[in-house]
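Peer 1: So that we are looking at the same thing, I have put the structure below in structure tokens.
The values are calculated or read from the model by the stated rules, or taken from the named source; none is laboratory data. What you are looking at is a predicted structure, and each value in this text was computed from that prediction instead of being measured. Reconstructed Cβ throughout: ideal geometry from the backbone, glycine too, with neighbour counts over all protein chains shown.
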Amino acid sequence: MLPIPLCEGPLDAVVSPPGSKSITNRCLLMAALAAGESRLERALESEDTVIFAECLRRLGIAVEEDRANAVIRVEGRGGWVSDRGAELWVGNAGTAARFITALLLFGRGEYALDGVAAMRQRPMRDLLVALEGLGARLAWGGAPYHFPFRMRGAGALAGGAIEISAAKTSQHTTGLLLVAPYAKGDVTVRLTGEVVSQPYLDMTCRLMSEWGARVERPDAATYVVRAGSPYVARTHVVEPDASSASYLFAAAAAVGGRVRVRHLSGASAQGDVRFVDVLGQMGCEVEKGDDFVEVRRSGPLRGVEVDMNDISDTAPTLAALAPLADGPVVIRNVEHMRWKETDRVAAVANELRRLGAGVEELRDGLAIRPGPLQPAVIETYGDHRIAMAFAITGLRSPGVVIRDPGCVAKTFPTFFEELFRITGARPPG
């Protein structure tokens with residue numbers, strides 16, 4: 001357990017959070033599919049990326065991690081995947097689970113996949129049904145269309161039309177899009193129903209284009225990936241993780257002062273960079289440059305009502321900040337947060353109540369009233385975002401203790417060291 005020291009503020013910090021998990025794992029898959037060596041600089045080293053890299057190695061793709069210099073080298077095999085089969089462990093890494101499963105379509109071996117108990121509850125049906133339609137054969141080790149399962153790949157992707165829902169996660173669609181350049185013919189992916197986290201799909205297409213693929217979007221629900229446009233091995237500099245940066249921006253909002261994140265552009269492909277716009281609505285000053293984003297607060301922190309469907313990974317950050325505002329905070333349209341590492345809507349509501357905050361759990365969000373808080377030990381549910389979000393509350397509310405702080409290793413292993421550095425706090429013990 002980790003007590004969070006109070007911070008009197010104001011902050012005055014320049015930070016460089018670790019590389020984006022979303023970009024690192026997308027680039028790992030594209031690098032594995034490209035022919036030749038690719039180099040990822042400022043790449044994230046975390047539980048999720050380590051799991052992803054190990055899965056690639058087990059599939060015959062050489063991956064070398066230079067952790068001291070934040071560099072990953074990948075020797076891509078031009079769309080080849082080992083036919084020898086493999087035992088693949090995805091932990092609780094959603095991107096690894098979905099992207100690696102899509103990649104297995106190109107293999108002819110039998111692959112066994114499993115993850116932690118929470119991963120066995122997370123949605124996989126839409127992707128697995130789509131892969132069955134493309135020739136994959138699946139056998140269940142438990143509940144159908146959930147981990148664990150065994151998969152025999154089709155050996156190739158013919159092309160054609162694929163329909164898939166993105167109502168619970170955009171990662172299924174991203175997995176299909178990322179492997180589509182290696183189909184024998186054009187691939188058309190049509191989305192059915194409501195789409196959650198649209199910026200992640202936009203990021204995927206932008207990165208695919210940068211790596212040499214041809215992606216078209218004739219309408220809002222349709223993506224066409226042209227055949228004959230494989231990825232080209234390259235060097236890619238990974239920008240800081242905008243989701244991780246949200247906690248540091250929130251620290252400035254919580255205690256006042258300024259936090260500048262270097263190497264993160266206001267024009268970033270990461271949708272979560274827009275979290276600073278929410279802080280702007282709350283009374284913070286926001287400055288976006290070509291190579292930095294800065295948040296400053298000197299006045300009161302106002303309440304806000306916001307649709308966070310596109311930036312739901314930052315919703316816990318806002319929720320944990322909400323009791324410190326001078327008016328109610330309402331978060332809407334994030335029902336898909338219930339199918340993340342934990343049911344984040346319920347988990348955030350539980351921990352706010354533990355702190356004594358007034359909160360109403362909505363079907364698709366939260367309504368939070370400001371007011372005095374009480375000391376509490378925060379349950380993290382093994383969820384990195386719960387741990388990091390409520391650490392920000394602890395900067396202003398005495399007696400906040402984070403249980404299982406090590407869960408932040410999933411995406412931001414040095415989070416608490418960085419938080420204590422910018423706040424000037426002495427780490428406990």
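Peer 1: Exactly one condition in (1) more than 30 Å from ALA254 (Cβ to Cβ); (2) surrounded by fewer than 18 Cβ atoms within 10 Å (Cβ to Cβ); (3) over 22 Å from the mean Cα position of the chain (by Cα) is false for ASP12; which is it?
Peer 2: Only one criterion is unmet by ASP12, namely (1).
Peer 1: While we're here: Scanning for something under 23 Å from GLY9 (Cα atoms) and in a helix (DSSP H, G or I), does segment 361-378 turn up at least one residue?
Peer 2: No, there is no match, as no residue in segment 361-378 is under 23 Å from GLY9 (Cα atoms) and in a helix (DSSP H, G or I).
Peer 1: Right, next: Say we look at segment 47-63 and pick out the residues that are touching a Lys or Arg at 6+ places or on another chain (Cβ under 6 Å) and more than 22 Å from PHE106 (Cβ to Cβ); which of these is surrounded by the fewest Cβ atoms within 10 Å (Cβ to Cβ)?
Peer 2: That would be GLU47.
Peer 1: Which members of segment 206-230 meet the condition of being out of contact with any Ser or Thr (no Cβ under 7 Å at 6 or more places or on another chain), surrounded by fewer than 20 Cβ atoms within 10 Å (Cβ to Cβ) and either free of Cβ contacts under 8 Å to residues at least 60 places away in the same chain or assigned to a strand (DSSP E or B) (or both)?
Peer 2: Of everything in segment 206-230, those that are out of contact with any Ser or Thr (no Cβ under 7 Å at 6 or more places or on another chain), surrounded by fewer than 20 Cβ atoms within 10 Å (Cβ to Cβ) and either free of Cβ contacts under 8 Å to residues at least 60 places away in the same chain or assigned to a strand (DSSP E or B) (or both) turn out to be SER209, GLU210, GLU216, ARG217, PRO218, ASP219, ALA220, ALA221, ARG226, GLY228, SER229.
Peer 1: Kindly evaluate GLY271 against the criterion of being crowded, with 17+ Cβ neighbours inside 10 Å, at pLDDT below 95 and touching an Asp or Glu at 6+ places or on another chain (Cβ under 6 Å). Before the answer, list the steps.
Peer 2: Working: crowded, with 17+ Cβ neighbours inside 10 Å: yes; at pLDDT below 95: yes; touching an Asp or Glu at 6+ places or on another chain (Cβ under 6 Å): yes.
The answer is yes for GLY271.
Peer 1: While we're here: How do the pairs read when you match residues in segment 394-416 that are over 26 Å from GLY356 (Cβ atoms) and of a type in the set (Asp, Glu) with residues anywhere that are crowded, with 17+ Cβ neighbours inside 10 Å and at pLDDT 95 or above, using Cβ under 8 Å and keeping only pairs 6 or more apart or on different chains?
Peer 2: So the pair list comes out empty.
Peer 1: Kindly check whether there is at least one residue in segment 333-343 that is of a type in the set (Lys, Arg), buried (at least 24 other Cβ atoms within 10 Å of the Cβ), out of contact with any Leu (no Cβ under 9 Å at 6 or more places or on another chain) and in a helix (DSSP H, G or I).
Peer 2: No, there is no match, as no residue in segment 333-343 is of a type in the set (Lys, Arg), buried (at least 24 other Cβ atoms within 10 Å of the Cβ), out of contact with any Leu (no Cβ under 9 Å at 6 or more places or on another chain) and in a helix (DSSP H, G or I).
Peer 1: In the list ALA34, ALA62, ALA53, which residue meets the criterion of being among the aliphatic types (A, V, I, L, M) and in contact (Cβ under 8 Å) with a residue 40 or more places away in the chain? I'd like the intermediate steps shown before the answer.
Peer 2: On the way: ALA62 fails: in contact (Cβ under 8 Å) with a residue 40 or more places away in the chain; ALA53 fails: in contact (Cβ under 8 Å) with a residue 40 or more places away in the chain.
The match here is ALA34.
Peer 1: Separate question: Can you pull out every residue in segment 275-308 that is of a type outside the set (Ser, Thr, Tyr) and farther than 23 Å from SER265 by Cβ?
Peer 2: Here is the first cut: in segment 275-308, the residues of a type outside the set (Ser, Thr, Tyr) are 275-297, 299-308.
The answer is GLY283, GLY299, PRO300, LEU301, ARG302, GLY303, VAL304, GLU305, ASP307.
Peer 1: Then there's this: Looking at (1) assigned by TED's automatic domain parsing to the domain that holds LEU103; (2) surrounded by fewer than 24 Cβ atoms within 10 Å (Cβ to Cβ); (3) among the aliphatic types (A, V, I, L, M), which is the only condition LEU44 fails?
Peer 2: The single condition LEU44 does not satisfy is (2).
Peer 1: If we only count strands (runs of 3 or more DSSP E) wholly inside segment 94-165, which ones have 2 or more residues that are crowded, with 18+ Cβ neighbours inside 10 Å and under 27 Å from the mean Cα position of the chain (by Cα)? Before you say what the answer is, go through the steps one by one.
Peer 2: Values: elements: 110-114, 137-140, 149-152, 160-165.
The qualifying strands (runs of 3 or more DSSP E) are 110-114, 149-152, 160-165.
Peer 1: Taking the stated definitions as given, is ARG426 among the charged types (D, E, K, R), in a loop (DSSP other than H, G, I, E, B) and over 24 Å from the mean Cα position of the chain (by Cα)?
Peer 2: Working: among the charged types (D, E, K, R): yes; in a loop (DSSP other than H, G, I, E, B): yes; over 24 Å from the mean Cα position of the chain (by Cα): yes.
Criteria met by ARG426.
Peer 1: Also, quick follow-up: Does segment 235-263 hold any residues that are touching a helix residue (DSSP H, G or I) at 6+ places or on another chain (Cβ under 8 Å) and part of a loop (DSSP other than H, G, I, E, B), and which are they?
Peer 2: Within segment 235-263, VAL238, GLU239, ASP241 meet the criteria.
Peer 1: Can I ask one more? Among the numbered criteria (1) farther than 19 Å from MET388 by Cβ; (2) at pLDDT 95 or above, which one does GLY228 miss?
Peer 2: In the conditions (1) farther than 19 Å from MET388 by Cβ; (2) at pLDDT 95 or above, GLY228 misses (2) alone.
Peer 1: Answer yes if at least one residue in segment 127-134 is closer than 18 Å to ARG234 by Cα, at pLDDT below 95 and not hydrophobic (A, V, I, L, M, F, W, C), and no otherwise. Steps first, please.
Peer 2: Taking segment 127-134 and keeping what is closer than 18 Å to ARG234 by Cα, we get none.
The answer is no; no qualifying residue exists.
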